[in-house]
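Notes for the one structure printed next.
The numbers here are math on the coordinates, done by the rules we state, and not lab data. Remember, predicted model here, so these are calculated numbers, not experimental data. A quick note on method: Cβ atoms are made from the backbone with ideal geometry, for glycine too, and the neighbour counts reach across all protein chains shown.
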4 protein chains.
Amino acid sequence: MSYNTFGHMFRVTTWGESHGPAIGCVIDGCPPRIALSEADIQPFLDRRRPGQSAFTTQRQEPDQVRILSGVFEGQTTGTPISLVIENTDQRSRDYGAIAQTYRPGHADLVYDLKYGIRDYRGGGRSSARETACRVAAGAVARKVLGSGVRVRGALVQLGPKDIDRTRWDWAEVERNPFFVPDAGVVEDWAEYLAGIRKDGSSIGAVIEIVADGVPAGLGAPIYGKLDADIAAAFMSINAVKGVEIGDGFASASLTGPENADALFMRNGALEFGSNHAGGVLGGISSGQPVVARFAVKPTSSMLTPVPSITKDGVETQVITKGRHDPCVGIRAVPVGEAMMACVLADHLLRHRGQVGG
Amino acid sequence: MSYNTFGHMFRVTTWGESHGPAIGCVIDGCPPRIALSEADIQPFLDRRRPGQSAFTTQRQEPDQVRILSGVFEGQTTGTPISLVIENTDQRSRDYGAIAQTYRPGHADLVYDLKYGIRDYRGGGRSSARETACRVAAGAVARKVLGSGVRVRGALVQLGPKDIDRTRWDWAEVERNPFFVPDAGVVEDWAEYLAGIRKDGSSIGAVIEIVADGVPAGLGAPIYGKLDADIAAAFMSINAVKGVEIGDGFASASLTGPENADALFMRNGALEFGSNHAGGVLGGISSGQPVVARFAVKPTSSMLTPVPSITKDGVETQVITKGRHDPCVGIRAVPVGEAMMACVLADHLLRHRGQVGG
Amino acid sequence: MSYNTFGHMFRVTTWGESHGPAIGCVIDGCPPRIALSEADIQPFLDRRRPGQSAFTTQRQEPDQVRILSGVFEGQTTGTPISLVIENTDQRSRDYGAIAQTYRPGHADLVYDLKYGIRDYRGGGRSSARETACRVAAGAVARKVLGSGVRVRGALVQLGPKDIDRTRWDWAEVERNPFFVPDAGVVEDWAEYLAGIRKDGSSIGAVIEIVADGVPAGLGAPIYGKLDADIAAAFMSINAVKGVEIGDGFASASLTGPENADALFMRNGALEFGSNHAGGVLGGISSGQPVVARFAVKPTSSMLTPVPSITKDGVETQVITKGRHDPCVGIRAVPVGEAMMACVLADHLLRHRGQVGG
Amino acid sequence: MSYNTFGHMFRVTTWGESHGPAIGCVIDGCPPRIALSEADIQPFLDRRRPGQSAFTTQRQEPDQVRILSGVFEGQTTGTPISLVIENTDQRSRDYGAIAQTYRPGHADLVYDLKYGIRDYRGGGRSSARETACRVAAGAVARKVLGSGVRVRGALVQLGPKDIDRTRWDWAEVERNPFFVPDAGVVEDWAEYLAGIRKDGSSIGAVIEIVADGVPAGLGAPIYGKLDADIAAAFMSINAVKGVEIGDGFASASLTGPENADALFMRNGALEFGSNHAGGVLGGISSGQPVVARFAVKPTSSMLTPVPSITKDGVETQVITKGRHDPCVGIRAVPVGEAMMACVLADHLLRHRGQVGG
């Protein structure tokens, strides 16, 4: 059973391979009468687009999105929104070598084990190129959420290198090629990642996504918890190996009193003393910012040779020449934002359906 | 939109509140002609059952499961399997106090914010008691997986205390009240947790689940990845705040060469040099053991007072008297195993549906 | 892939066999804060209950429903509502004979062909007893729809015998054992059906379900059309072989002008000149009464012998002794009403989710 | 909640409006390693294509299908298959008049009532043009079913005019513009329909779809019955008002003995004496041909004036000038075949998932 659809009421189905003629998605369930045009989507795609700095793949894709359905005279109609992005820079020749061998750590092997066939050009369906469609869908999800909800992401760890959270500045995120919120680390990270790339190596990262303005009450026990859906959404992104909400793994070391987010009344309104929970309690949003993180492993496509096997079961050494991100985690920032937006939009509609207004 | 169903082809719907007459689940999609009786399920419930050591809640529930449908003459028929467990020790009087106040960190508050009503007795639907149904469903899932797949879990961290992985012994897991695989820490942990309890406090934990014998090819790109479903499954367990697969968050600090699981041929069969990936590549099982972990926060029900508010918005201090686990993570071990088994059984059927045999 | 769940947002999962210990259902997605008790459900079960007239099976079942979850202090909580009905009059001995032979026209054969196993006692899962759960769920669906929507059904054809629609009287439906709205046919039908039963035969019927007060806008193109869901809902009822909306099959013989429901303005409100469409246009409710019918074939369990085979492939003659309805269509009236109510409740929530209000 | 997806394991999502740039569909869950190219799909689209006889709309659309994903080197890969068909002959000027008025019997009105917005050009999403995508998906479904299953359809009633079933000839279906299997009626029907068109009127029809070679065991009780899914599939087709399986509504008039399909053994194999059931018992295929019919109402777009209202609530008379089918039922034949193929392919995979090969 294949499953290329995400969400229940705000449902996104993506399709397409890295080196096919195009990629795209169909968004079903979008509310009607929302102003929407390509101009609402393109800026998010531009942010994720490869080839913009020395630290991402040099593949040049304009990633120009077209709306093929579901919008009439500038407004959504409530019918499926079909978005398509043409592939223009498919340098398939780069991949001839890997048609017959498996990159360790890559999906190459398991696609063959599962399906008995694989489109090896650029990783086919398993390519991170698919995430462009998520970003496009996320832009539509943001419109559903409205201006009261703000979803932002940042790189908070590059390989072993942390940030100083006291220097967190959202504006800085848009100023450097890492989406890092701490201006103090940019120079060091640039040097570090240049070294990684020069060595023909790659490195992992941790991304944090924060959603402000999320109304209380989104999420549905037991198997449709808001954080369970966020976890699935993030884990479905290429190369992600871990997900956490609020204090996440650190909360395992806390005592109950340390972890409890005290409740107060301030000017007649509920206020929390802290946000260890990351805005989600019992799977339901509490009205606090929703804070989640995910860990991205290092790209498995790299110039360093690794022992591997061919399709015919002969041992070999693999190096991947093509064009790759030395840290695929960087471009995962807009993807994580998009997935968070999609989860929230879906839950907004689900909540409204069951509970009303 | 409520969602109390887990899985697509092996579908589990749970129902019931902590202090209602009973809890239960309906398992839909189970293959026919599998030998099944209450005796296949009860041992797993007994393992999760409260009141078995000083380190879990003293609520006494026999957790006796009954099969009400879907089994005929000792075999599954392919129709829905209804399982029911009566609640017998509902000491609701313990909860009178929390009817009017919210436990910080607990789902109390958000159920009221979402639904405008909440069954406060024992946490109602948000109680960890619901997990008994997961354990029951997991026992059926194991039968679907067959004896070739073994799903086991262990506590690998208690608060700040780690284990020594070189001493890992699966047999030890069944010998101590913590499900910890390292005999060397049992005494220390017992003393530590007794202290936590005596202080009216609670503590978090990390659980590791390992599935051996999982065939290659399970999992479906893009939004039905095996690890995405595992992440959702674990994150849906009460008090879980983080999930990771293989090296998880540690992989963010690795370089590509460090992280790559080299491939070799050994006696004509594929062999991996390591298992940083945790048995999942591109969302599809590779044939290696599937290894995943989740972090459980400390119980929010405790004797230590925390600032909170009443339903009427008056500030107060909350302490929770009832009967609670000082470390809810301990009993999460069988629950995590059950969720892993359910995910694998679901994907086994999904794979067979699309790809065959 | 089994599928014992009906609906998307108002989701009903039924379970249970005719001669197991109990049958039941789980209703997930019900809005919170709806007043609900067993007394809201029982009258509908009583209406469907067997053994009430000479024209239905003599099996005596009290069909007493119990609510096991999802209701607190007389109100729904938004969590799953588990309903259970015990089986008390399981005269399994009646069915010993059919354990080894297949009733022509019955599901006996195909359950064995599909699953390789079948609970032959009273038809097991394929028994019309399952419909009691639908009726219970339908009672809850009516509460979701509120008092503005009225769902009623009637028998409009018994075998070859029609009614006179000019004498239609909804009050009459509750006065006779056929749920027929035309008092003028009751005596004749009673005599006719008594003859059918005496002959050891059975007969088909047509049921009409009318929903008044359905707001305009329910239903979702393309594959979630209101009438597509009604068609599936009715066709899923035991022994149903045909479904139609509005003029149904008769509309095939109409010209465009004959079929068009003209639109007028009356006192500032939209009014239709006729209702050939049966209240559904393009899969969406128009605000007119939703009118649908379904055809029920004659019961395949009867005393008249029919050529058949045994499980071992030996030719034989089958007669069914047990207790059966000579016209299973009669008791299908409350079942059809229930399914209509479930479809409407589901679409009400689905519409609210996407469009609001 | 919008729902533009059909099926569970073989899942088809369609998108697009009559006068947008293109229409298309995404097929998810198709098994891998099935030979597939545009040449497998195009003949079915050509069969449904408008403008081929005097009896269908004169809109000229090449309906050229392109495969954008999911196929590699001539074989399906198990990933989503994206199909797109450009709209080339969008004479939108025809529809200016109906932007402000509602065609009685058409979806115009209810789209506005539901969504508050509607793409009026050619009916937008409610146009029968959407069915081209179904036909394309059906062609892929046929490949999944393999050559052992044959799905064919025919027009069996045109307005009040029946066929003589003793003259049924499948080969004749491809020889006349009506898809009618009885050569004896072609001339009369041509004359009749020419008259209807000349009168600016339209007429209904009944279509029969027969699937031979369907293996026993497909279909899943209770709410995933094969015939329930067929009913939904057919009822979701534009203008369909009734659906029946086997003897359908006629079975209401039958007695049990008349309706029973006797079972025999012939040369060691099960044989049925008749097929009143239409190949489906208890929702599961029996191995006999699956026979189903659906009724199509007359097109609501016609030159005959009908009383209606404008968007502003002013009474008016509507005539529809554009290009329309005088009997939309004719082109529904390939659409019905496609939906039957999709339902069967879906159930084939669902059955294999639960029960195995």
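Rounded if a/c is under 1.5, else prolate if a/b beats b/c, else oblate: with a ≥ b ≥ c from the C-alpha gyration tensor eigenvalues square-rooted, which is the stretch C:230-294?
Oblate, since a/c reaches 1.5 and b/c is not below a/b.
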Query raised in the report: Can you tell which of A:ALA97, A:PRO160, A:ILE203 lies farthest toward the positive end of the dipole of the stretch A:91-204, using +1 and -1 charges on the Cβ of basic and acidic side chains (Lys, Arg; Asp, Glu)?
Result: A:ALA97
Query raised in the report: Any idea what angle helix D:131-145 forms with the longest principal axis of chain D, computed on alpha-carbon atoms, 0 to 90 degrees, nearest 10?
Result: 10 degrees
Query raised in the report: Roughly what angle does helix B:38-48 make with the longest principal axis of chain B, taking Cα atoms, 0 to 90 degrees, to the nearest 10?
Result: 60 degrees
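About the Cα centre of the stretch B:174-259, how large is the charge dipole given +1 on each Lys and Arg Cβ and -1 on each Asp and Glu Cβ? Please answer in debye to the nearest 20.
Values: 5 positive and 13 negative charges, 72 e Å.
Here the stretch B:174-259 has a charge dipole of around 340 debye.
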Query raised in the report: Which whole-number percent gives the relative contact order of the stretch A:12-158, counting Cα pairs below 8 Å spaced six or more residues apart?
Result: 33 percent
Report task. Along Cα→Cβ, 7 Å out, is where each label goes; now give me the distance between the ones at B:ALA250 and D:ASP312 in nm to one decimal. Result -> 7.3 nm
Query - Positive-end residue of C:GLY287, C:VAL26, C:PRO334, charge dipole of chain C with Cβ unit charges - result: C:VAL26
Query raised in the report: Taking the Cα centre of the stretch A:85-210 as the origin and placing charges on Cβ (Lys, Arg +1; Asp, Glu -1), which of A:PRO177, A:TYR115, A:CYS133 is farthest toward the positive end of the dipole?
Result: A:TYR115
Report summary line: Surrounding charge for D:GLY273, neighbours by C-beta under 13 angstrom, Lys/Arg +1, Asp/Glu -1, total -3
Query raised in the report: Using the alpha-carbon centroid of each, what span in Å lies between the stretch A:177-247 and the stretch A:100-127?
Result: 25 Å
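Show me the three semi-axes of the equivalent ellipsoid for the stretch C:133-206, from the C-alpha gyration tensor (sqrt of 5 times each eigenvalue), largest first, rounded to whole Å.
Values: eigenvalues 152, 53, 17 Å².
They are 28, 16, 9 Å, listed from largest to smallest.
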Report summary line: With C:GLU191 itself left out, Lys, Arg at +1 and Asp, Glu at -1 over residues whose Cβ is under 14 Å from its Cβ give 0
Query - Exercise: per-residue mean of other protein chain Cβ atoms within 10 Å, C:18-27 - result: 5
Query raised in the report: Using a label position 7 Å from Cα in the Cα→Cβ direction, what is the ascending list of nm distances from B:ALA35 to the same site in the other copies?
Result: 4.6, 5.4, 6.9
Query raised in the report: Across peptide A:64-71, how many C-beta atoms of other chains are within 10 Å of each residue C-beta, on average?
Result: 5
Query - Backbone HN-Hα couplings from phi across the stretch D:72-85 [Karplus 6.51/-1.76/1.60, Hz, Gly and Pro as x] - result: 9, 6, x, 10, 5, 10, x, 9, x, 9, 9, 10, 9, 10
Query raised in the report: Looking down the axis that turns C into A, which residue of C has the closest beta carbon, and how many Å out?
Result: C:GLY353, 1
Requested in this report: Counting only C-alpha contacts under 8 Å and six or more residues apart, can you give the relative contact order of chain A as a whole percent?
Outcome: 22 percent
Requested in this report: Filter the trypsin sites (Lys or Arg not before Pro) in the stretch A:1-72 down to the DSSP loop ones having no more than 15 other Cβ atoms within 10 Å, then list what survives.
Outcome: A:ARG33
**Report entry** Reference-scaled alpha-carbon Rg (2.2 N^0.38 Å with N residues) for the stretch A:223-357
**Finding:** 1.44
**Report entry** Relative contact order of the stretch A:143-300, pairs being alpha-carbon contacts under 8 Å that are 6 or more residues apart, as %
**Finding:** 28 percent
Query raised in the report: What is the Cα centroid distance between the stretch D:34-77 and the stretch B:139-169, reported in whole angstrom?
Result: 52 Å
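Ratio of alpha-carbon Rg to the 2.2 N^0.38 Å globular estimate for the protein assembly as shown, to two decimals, please. Don't skip to the answer; put the middle values down first.
Numbers: Rg = 31.2 Å, N = 1428, 2.2 N^0.38 = 34.8 Å.
Scaled against compact globular proteins, the figure is 0.90.
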Report task. Lys and Arg at +1, Asp and Glu at -1: add these up for the other residues within a Cβ distance under 15 Å of D:VAL306 and post the number. Result -> -3
Query - Rg to Rh quotient for chain B, alpha carbon positions, Kirkwood Rh - result: 0.98
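Given the rule -39500 (n - 2.57) for each run of at least 4 DSSP H residues, summed and divided by the residues of the protein assembly as shown, what is its mean residue ellipticity at 222 nm, to the nearest 500 deg cm²/dmol?
Details: 32 runs with 364 residues, N = 1428.
Helix contribution divided over all residues of the protein assembly as shown: -8000 deg cm²/dmol.
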Query raised in the report: Sorted from shortest, what are the nm distances separating the label point of D:MET265 from equivalent points in the other copies, each placed 7 Å from Cα along Cα to C-beta?
Result: 5.3, 7.5, 8.2
Report summary line: Within chain A, cysteines having no neighbouring cysteine beta carbon under 4.7 Å are A:CYS30, A:CYS327, A:CYS342
Requested in this report: Determine the dipole magnitude for the protein assembly as shown: charges of +1 sit on the beta-carbon of Lys and Arg, -1 on that of Asp and Glu, nothing else is charged, the reference point is the Cα centre, and the result goes in debye to the nearest 20.
Outcome: 0 debye
Report summary line: Distances in nm between the label point of C:LEU303 (7 Å along Cα→Cβ) and its equivalents in the other copies, shortest first, are 6.4, 7.4, 9.2
Query raised in the report: For B:ALA194 and B:GLU38, FRET efficiency with R0 = 41 Å and r from the beta-carbon atoms, rounded to 0.05?
Result: 0.70
Report task. Can you check what the Kirkwood hydrodynamic radius comes to for the stretch D:91-246, Cα pairs only, in Å to one decimal? Result -> 18.6 Å
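Could you calculate the contour length gain from C:LEU303 to C:SER274, that is, 0.36 nm times the residue separation minus the distance between their Cα atoms, to one decimal place in nm? Walk me through the numbers before you get to the answer.
On the way: separation 29, 0.36 × 29 = 10.44 nm, distance 4.53 nm.
Taking 0.36 nm per residue and subtracting the Cα distance, the gain is 5.9 nm.
If you place +1 on the Cβ of every Lys and Arg and -1 on the Cβ of every Asp and Glu, how big does the dipole about the Cα centre of the stretch A:102-236 come out, in debye to the nearest 20? Write out the running numbers ahead of the final one.
Numbers: 18 positive and 18 negative charges, 127 e Å.
My answer is approximately 600 debye.
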